[in-house]
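Values in this text are rule-based calculations from the coordinates and carry no lab data. Just so you know, these numbers come straight off a predicted model, no measurement behind them. For neighbour counting, all protein chains shown are included, and Cβ atoms are generated from backbone atoms with ideal geometry for every residue, glycine included.
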Amino acid sequence: MKSVRKFDARPKLDGSWKFIDDYTYDGILHGQLLYSTCHHGYIKKINFPENYDLSEFTMVSPKDIPGENIVPEPVCDQPFMVDKEVMHYGQVIMGIAHPNRKLLLKFIKETKIEYEELPAIIDIKDCLDNEDNHFGKEIKIDHSIKKEPKVDWKYNHNIYYTPHQEQAYLEPQGVISVYNPRANTMFVRITAQCPFFVKHGVEAIMGKAVDEVIIETSEGIGGAFGGKEDFPSLFAGVSSLLSYKSGKPVKIILERSDDIQITTKRHPARVELETWTDPLTKKIKRCRIDYRLDAGAYQTLSPVVLARGALHSIGGYSIPDTLIRGRLFRSNTPSNGAFRGFGAPQAFAAMEAHIDRISADLKIDPYEFRKINLFRVGDEFPTTQKVVEENLSDCLERVIHNSDYHKKVIEFAEWNRTHKDKKGIGISVGYHGGGYTGNGEKVLNSEVKVIIDKDAQVKIFVANTDMGQGAHTTLAQMFFEAISHPREKCWVQLPNTSKTPNSGPTVASRTIYIIGNLLRKLALQIKEELGFENLEEYVKTHLQEFPREFHKNLTPDPSVIFDGDTNVGIAYKDYSWAACVNEIYFNANTYKIELKKSWNVMDVGKVVNEKIAMGQAEGGILQGLAYGLTEFFYKPGFGRAHGFTDYTLPTTLDLPEMDIEFIHTDSKIPKGLGEVPMDFPAPSIRNAFHNATGIFINEYPLIPESLLKAMEKDK
Amino acid sequence: MILKLNINNKFYNTNIESDESLLVVLRHLGFKSVKKGCDTGTCGVCSVLIDGKPRLSCQFLAARAQGHKITTVEGLGKKADAIIDAIVNEGADQCGYCGPSLVLTTYAMKKELKDPTVNKIKHYLAGNLCRCSGYEGQLRGIKKYMGVK
Ligand code: FES
Ligand code: FES
């Protein structure tokens, strides 16, 4: 567990690292998206403002598309630009470019669109409470027993809601498309997580009009968190069309307010839980879950989020009789998409609150209740996958110990008796399956490439991007540590689809877990094949053999068998486990929850780079806590957020004291780390609020007005 | 309008429109360390020093900057090293988009806070958003740099 310094640390801090808006090309045009301000309807007329020379503008609409007006996503249902019907606010209608960005922004602002408006679903509950809004394929995970529950079992039934969450990468979405008419190629530089997704997007819109599409990322990707996974395909499609039509390079950098309003968010969810618990043994015997996501107007990649969410919806509990339904619901809002956690935070938000509700009804401490019901070796997930380790219990025990939970429960109860303000402590647990779900990694068939040069420099070619998570440092580290090669002789190259093989997207906590392991194996394979002890010595004595290229594809684990239709089998080979205890102070005058301290224990397997791993954990946990506590994107009567003025992010002043520990680090494999920190911490704030006040809240975020409403209802 | 700006102790003459923000002008002149994150004064990544004090360049009319000393991280040169090391040693840099502005603000804070405490540091940096790091690592490094336990 070493902490190799990040190779890009210094240039990022001294300002020399290049982000997308720092690149420029001769004759470049600035592009922007003209998008719908109507939620649902037909476009009657577009009125461009007068006093502009329209011949100076390049405009593209569906009629300019030489290929197809459909973004190639897992479900191909979203057009690049509105074809007939506007399905949501923020839907792209046209791409427009001009040499002068300021003038272009003014022109777009003054452009007025007339609509014939149709009824629209905007509100999260209107969308998710109405069965008629269900669309797409339903997921069923059936581990049920065809037997009626016993009459003396305690029945609990609750519905939990979670809101949108904005990824809020600080660098807005940006792209530059450069059409080369002589070579008939389209080069796209972009701040994106998955260069090959973008390539497929641009190929779809351009069709046969260009011979080759090449995607290269910018040097810096200023944060992504899932938000630069799917939207960039649409975005790059439009910029490429503009470049093709104008014959000039076109750069589109979204304004923050546009970025927030039109790009993907975390799916709002409604999770309905029914459980039956034996009051004597305190074991949950039966569970029925109805897991619903608001997909927005199109399905796009939501079915994948739905699958992961439904698969995690049982929480960390072994319940013999379980039936899970997962469904997507349609609203007239921009498609929701990937965000760190990918359906799991919504699942744990519900189950972890529910566990505390049952504990309260059975008058048992939530920790004791969890202990009785947590996964044990030999138990089964609802997919029939066997539980093979009790590391989740280990996380729980450790966090209870670290936080001095038992002592605080007594102390706070005592304190609360005599104070109007309240202190509370709450628990939550969670986990995240590493890599693509089920057979996904088999289908991806990821490939990595390495070139060893004459000076023993190792160049690593992978499609996985470094968006701040330190992936390129850690990937290189896994390679050079495996063969004891000097660190300064091993570099990951900037992802470029014409040079890097497709090692799959930078998603699903798979970069280190899947691609890092693949690189480590390739390093050992090269060592064995060439028979060296020291690569530098070997290269010196075999100069004529270099530069030399090596490739390796992922050999899927034959034990991972999953039936995607019945959801039976091994959904994920390895899980990262985590548990959290949060301590809060509730101010009875301001109705504000102050997060005092957050204890977190995680098992992410082997920790390759301790400092990078800790940074991932710290950043993810704060995002997770803010999800539960402060961040809201949509409110009835308020509408959707427009920028960082109304979508407020945590600052240094919102930071609780934080305690993070990794356990089971002696494991051989590094498991997924990117997402689990986001999954598990938020529910424990809600549970702490219940511990403090005796009031349960079924919705995030726990902002003062929600608390006030809940407390008044309780009176 | 023609403007004469003192940026990092060098004078630049530039022809701008009167409503142009300092952010736009600095980036146009090639000071790419100055980032744009929101343009509404809410994220802090556009911070520069004006006469040594951190200011949001997206909210500062370029015309107002005439006659003042503007410092970007490019202008700190070696003086930034200790801050950069402090942050990097904690592995606190992630995507880096907030990095240059954090370095600049920390530099100004060191000069300004006579008697720094954790609380004062947190208040000073409250306008510098970071979505990646959760601030923990940044603060560990910066506390060391500021000599605060
Ligand atoms: S760009 Fe100036 S504060 Fe965000
Ligand atoms: S490191 Fe990404 S915003 Fe701070």
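Taken along its three principal axes, the alpha carbon spread of chain B comes to 49, 27, 23 Å, from the longest extent down to the shortest. In loop segments of the stretch A:615-698 as defined by DSSP, the trypsin sites (Lys or Arg not before Pro) with at most 15 further C-beta atoms inside 10 Å of their C-beta are A:K668.
Remark: the Cα gyration tensor places the stretch A:440-553 in the prolate category, a/c being 1.5 or greater and a/b exceeding b/c. Only one residue of A:A236, A:L104, A:G615 has its Cα farthest out toward the positive end of the dipole of chain A, where Lys and Arg carry +1 and Asp and Glu -1 on Cβ, and that residue is A:G615. Rounded to the nearest 0.05, what FRET efficiency do A:K137 and A:K84 have when you use their Cβ-Cβ distance and R0 = 25 Å? Computed FRET efficiency for A:K137 and A:K84 comes out at 0.55.
The lysine pair count for the stretch A:440-553, using Cα distances under 13 Å and pairs eight or more places apart or on different chains, is 9. Taken as Cα centroids, the stretch A:534-562 and the stretch A:93-154 sit 46 Å apart, rounded to the nearest whole angstrom. According to the square roots a ≥ b ≥ c of the eigenvalues of the Cα gyration tensor, what is the shape class of the stretch A:513-617, taking rounded for a/c under 1.5, prolate for a/b larger than b/c otherwise, and oblate for the remainder? Taking the square roots of the gyration eigenvalues as a ≥ b ≥ c, the stretch A:513-617 is oblate.
Only helical runs count toward this figure. For chain B, summing -39,500 (n - 2.57) over DSSP H runs of n ≥ 4 and dividing by all residues gives -9500 deg cm²/dmol at 222 nm. Ignoring lysines fewer than eight residues from A:K420 along the same chain, the ones with Cα atoms less than 26 angstrom from its Cα are A:K363, A:K407, A:K408, A:K592, A:K596, A:K597, A:K709, A:K713, A:K715. When you filter the trypsin sites (Lys or Arg not before Pro) in the stretch A:144-189 for DSSP loop state and at most 15 other Cβ atoms inside 10 Å of their Cβ, you are left with A:K146, A:K147, A:K150, A:R182. Placing unit charges on the Cβ atoms only, positive for Lys and Arg and negative for Asp and Glu, gives chain A a dipole magnitude near 380 debye about its Cα centre.
Within the stretch A:43-144, report the trypsin sites (Lys or Arg not before Pro) that DSSP leaves as loop and that have at most 10 other Cβ atoms within 10 Å. Before the final figure, lay out each step's value.
Values: sites: A:K44, A:K45, A:K63, A:K84, A:R101, A:K102, A:K106, A:K109, A:K112, A:K125, A:K137, A:K140; in loops: A:K84.
When the trypsin sites (Lys or Arg not before Pro) of the stretch A:43-144 are filtered for loop state and at most 10 Cβ neighbours within 10 Å, A:K84 remain.
Under the classification rounded if a/c is under 1.5, otherwise prolate if a/b is larger than b/c and oblate if not, where does the protein assembly as shown fall, given a ≥ b ≥ c as square roots of the Cα gyration tensor eigenvalues? Rounded is the answer for the protein assembly as shown, as its axis ratio a/c remains below 1.5. A Förster radius of 25 Å combined with the Cβ-Cβ distance from A:N184 to A:S498 puts the calculated FRET efficiency at roughly 0.95.
Structural descriptor for the stretch A:1-104: relative contact order 40 percent, calculated from alpha carbon pairs under 8 angstrom and at least 6 residues apart.
Close Lys pairs in the stretch B:76-146 (alpha-carbon distance under 20 Å; sequence gap of 8 or more, or different chains): 24. Under the membrane-span-like helix rule (DSSP H runs whose alpha carbons stretch at least 24 Å along the helix axis, mean Kyte-Doolittle hydropathy -1.0 or higher), chain A yields A:344-362, A:610-629.
Only Lys, Arg, Asp and Glu count, each charged at its Cβ (+1, +1, -1, -1), so figure out the dipole size of the stretch A:1-63 about its Cα centre, rounded to 20 debye. All intermediate terms of the calculation are to be shown ahead of the outcome.
Numbers: 9 positive and 8 negative charges, 125 e Å.
Dipole magnitude for the stretch A:1-63 comes out near 600 debye.
For the stretch A:440-553, give the magnitude of the charge dipole about the Cα centre (Cβ charges: +1 Lys/Arg, -1 Asp/Glu; no others), in debye to the nearest 20.
Numbers: 14 positive and 14 negative charges, 63 e Å.
Around 300 debye, computed over the stretch A:440-553.
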